[in-house]
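The block underneath contains the structure these notes are about, expressed in structure tokens.
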Amino acid sequence: MNPLAAELNDLLKNSNPHVLEMLSDLGKDLFFPKGILSQSAEAKDKAHKFNATIGTATENGGPMYLQCIQDKLSAFAPKDIYPYAPPAGKPELRQLWRDKMLKENPSQAGKHFSLPVVTNALTHGLSIVADLFVGEGDHVVLPDMMWGNYNLTFAVRCGGVMKKYETFTPAGGFNVDAFKACLKQTAEEKGKAVVILNFPNNPSGYTPTVAEGQALVAAIKEQAEAGCNIVAVTDDAYFGLFYENSMKESLFGELANSHPRILTIKLDGATKEEFVWGFRTGFITVADGHSEPNPDVITALEKKILGIIRGTISNCPHPSQTFVIDALQSPDFDAQKLEKFNTMKGRALAVKRVLANSKYDQSWDFYPFNSGYFMCLKLKRVDAEKLRVHLLDKYGVGTISIGTTDLRIAFSCIAEEDILELFDLIYQAEQDLA
């Protein structure tokens, strides 16, 4: 093992050994090298004559660039676009995002957690979590209504075992009892669990009520008290898009610093929150389980995270970070974001109004939804994949089939005035097959 990795592991062992136990074999081996980047950082401070360290090109006292590119980006200074961004992301962006989290999540006030590290959006953050904490045979606890990419990230890449529980009760609430049973079984079998809390949920579009959220937190704490090490991951990709009767905060704030055996990780980003999908700008934030500040845990984990970033993508795109900083500082940001929120809420409520029509009752039920981008039909008479293909071939309508009964509809990309026609076409296609 590299001495730098051993040093980080010793930090964890001495400050919170439970976190060291949570790491995968790869996680234990990871470190941030003292190489070109650290030498370049030192030179940036001291090389007043010439700085011949990092692999960029300069001219006229700034980064070299092509004018045909700069002409399109002239609102931004070349220094904020062309050089490499730091491996952890631009410090200004990291602080702005932390301030934003505290503003939108009052439950995080007074909690101690890391400065967010910039990731190449949410999937990259999930990949970092998988590399750090999921090894062959480790259990990943998540609902049966889940984003399919979790399987690639945790199971295929890292050998994790997906332990699924039924998402909803027959009455239509979040199935807290099924979650508790699944987590308890994993705790008893493995003594370690990686728990994915994805709200608003993809594909169902559901966020738990406040009472359901509190029950999920209580279940996690109960198993930690019983001796299980838990990595609680809040996948907050669609954070803020809460339309009806749900939590309005991430569970990160409730779980942070709640028990030494609970390590809480928040994954979020500008990607969907600020409607900049192609920017690929996300964040990973870590909170130790101790109630008092435990900076050694944060330091060790941040350096391991930076080691993954350095060893895979080196650093995240600089222009995207600059654009997000500019947006977050804009005096029009909040008003424009509210306008888009209201558009999305209008679409979600329009779907509910349309689905209230009893003519659809013989064809499908629909799962509860109150947030996010999606909702799912539960088909009664036809196979979901056959319906998906028929819709595409005959009616030119694209949907996503999940299993044999579930059809996911992304109302996020359907104008409110088109929602009735969309569901009538789905209904007609279902009638064709039935």
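What follows draws every value from the coordinates through simple rules; no lab data is involved. Small disclaimer: the values here were computed from a predicted structure and weren't measured. Every residue, glycine among them, receives a Cβ derived from its backbone with ideal geometry; neighbour counts consider all protein chains shown.
Distance between the C-alpha centres of segment 383-431 and segment 309-372: 20 Å, rounded to the whole angstrom. Computed from point charges on the beta carbon alone (+1 for Lys and Arg, -1 for Asp and Glu), the dipole magnitude for segment 377-423 about its Cα centre is near 340 Debye. With both labels modelled 7 Å from their Cα along Cα-to-Cβ, the Lys248 to Ser358 distance reads 3.6 nm.
In the chain, a dipole from Cβ-located charges (positive for Lys and Arg, negative for Asp and Glu) runs towards its positive end, and of Phe113, Leu251, Thr405 it is Phe113 whose Cα lies farthest in that direction. Rounded to 0.05, the FRET efficiency of the Thr209 and Glu416 pair, given R0 = 25 Å and the Cβ-Cβ distance, is 0.45. Taking all Cα pairs closer than 8 Å and separated by 6 or more residues, the relative contact order of segment 300-434 comes to 22 percent. 3J(HN,Hα) along segment 9-20, derived from phi through the Karplus expression 6.51 cos²θ - 1.76 cosθ + 1.60 where θ = phi - 60°, amounts to 5, 5, 4, 5, 4, 7, 9, 7, x, 4, 5, 4 Hz, with x in place of Gly and Pro.
One decimal place: the segment Ala109-Leu349 gains 83.2 nm when fully extended, by the rule 0.36 nm per residue minus the C-alpha distance. In degrees, nearest 10, range 0 to 90: what is the angle between the Cα axis of helix 210-225 and the longest Cα principal axis of the chain? Orientation of helix 210-225: about 60 degrees from the principal axis.
The stretch between Thr299 and Asp365, if pulled fully straight at 0.36 nm per residue, gains 18.9 nm over its current Cα-Cα span. Give me the number: length gained by fully extending Asp334 to Asn151, i.e. 0.36 nm times residue separation minus the C-alpha to C-alpha distance, one decimal in nm. Difference between extended and current length: 62.3 nm. Partner lysines whose Cα lies under 20 Å from the Cα of Lys180, excluding those fewer than 8 positions away in the same chain, are identified as Lys163, Lys164, Lys190, Lys192, Lys221. Within straight-line reach of Lys272, meaning a Cα separation under 23 Å, sit the following lysines at least 8 residues removed in sequence or on another chain: Lys90, Lys100, Lys103, Lys248, Lys337, Lys340, Lys345, Lys352.
The Cα atoms of segment 137-267 give a gyration tensor whose axes a ≥ b ≥ c have a/c under 1.5, which makes the shape rounded. Put in order of Cβ neighbour count within 10 Å, fewest first, the listed residues Thr281, Thr167, Thr234, Thr53 become Thr53, Thr167, Thr234, Thr281. Using the Cβ-Cβ distance between Glu188 and Gln95 with R0 = 30 Å, the FRET efficiency computed as 1/(1 + (r/R0)^6) comes to roughly 0.10.
Approximating the spin labels as points 7 Å out from Cα along Cα→Cβ, the Glu59-to-Ala75 distance works out to 2.7 nm. Among the lysines of segment 6-53, pairs that are 8 or more positions apart or on different chains and have alpha carbons within less than 27 Å of each other number 5.
Relative to the longest principal axis of the Cα atoms of the chain, the long axis of helix 176-190 makes an angle of roughly 50 degrees. Compared with the dominant Cα axis of the chain, that is its longest principal axis, helix 318-328 is turned about 70°. Oblate is the label for segment 310-374. Its Cα gyration tensor axes, ordered a ≥ b ≥ c, give a/c of at least 1.5 and b/c at or above a/b. Toward the positive end of the charge dipole of the chain, with +1 on the Cβ of Lys and Arg and -1 on the Cβ of Asp and Glu, the farthest Cα among Val389, Leu12, Ala187 is that of Leu12.
Evaluated with a Cβ-only charge set (Lys, Arg +1; Asp, Glu -1), segment 334-433 carries a dipole of roughly 260 debye about its Cα centre, given to the nearest 20.
If only the Cβ of Lys and Arg carry +1 and only the Cβ of Asp and Glu carry -1, the dipole of the chain around its Cα centre is close to 500 debye. Taken one residue at a time, the phi angles of segment 386-401 give Karplus couplings (6.51, -1.76, 1.60, θ = phi - 60°) of 5, 5, 4, 5, 5, 4, 6, 6, 8, 10, x, 10, x, 9, 10, 8 Hz. Gly and Pro are set to x. Between the residues Thr343, Ala211, Thr312, the greatest Cα displacement towards the positive end of the dipole of the chain, with unit charges on the Cβ of Lys, Arg, Asp and Glu, is found for Thr312. When the square roots of the Cα gyration tensor eigenvalues are ordered a ≥ b ≥ c, the ratio a/c for segment 100-188 is 1.5 or more and a/b does not exceed b/c, which makes its shape oblate.
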